[in-house]
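The values are calculated or read from the model by the stated rules, or taken from the named source; none is laboratory data. Please read these numbers as outputs of a predicted model, since none were measured by experiment. We place every Cβ from the backbone using ideal geometry, glycine too, and count neighbours over all the protein chains shown. Accessible surface areas use protein heavy atoms only, side chains included; no ligands, DNA or RNA. Shrake-Rupley method; radii C 1.70, N 1.55, O 1.52, S 1.80 Å.
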Amino acid sequence: MTCLCCGKELDALDIGAHRKLINRQAKEFLCRDCLAKDLGWERKFLDEMIDRYRRWGCTLFPQGKAKE
Ligand SMILES: [Zn+2]
């Protein structure tokens, strides 16, 4: 699967972040770079939020180590 906006290959974190922050039912996704832009966030802030959600055990993200 690739980013709707830039065509970059997506990973599980991109998809989880899109579901969490945009639309849980989404079938098409943005990569983290485009998602951050869309939200008006710094990419770094988005990564921190993802880290936080994962530490809280959010099921939209892959479990395990908190950094990819
Ligand atoms: Zn993108």
Residue hits (the stretch 42-68; within 13 Å of the ligand (Cβ to nearest atom) and surrounded by fewer than 15 Cβ atoms within 10 Å (Cβ to Cβ)) are Arg43
Pair list, Cβ < 9 Å and 6+ apart or interchain, from the stretch 27-41 residues that are within 10 Å of the ligand (Cβ to nearest atom) to residues that are among the polar types (S, T, N, Q):
Phe29/Thr2; Cys31/Thr2
Given Leu13, Leu39, Leu4, which one is touching a helix residue (DSSP H, G or I) at 6+ places or on another chain (Cβ under 9 Å) and open to solvent by less than 40 Å² (accessible area, probe 1.4 Å)?
Leu13
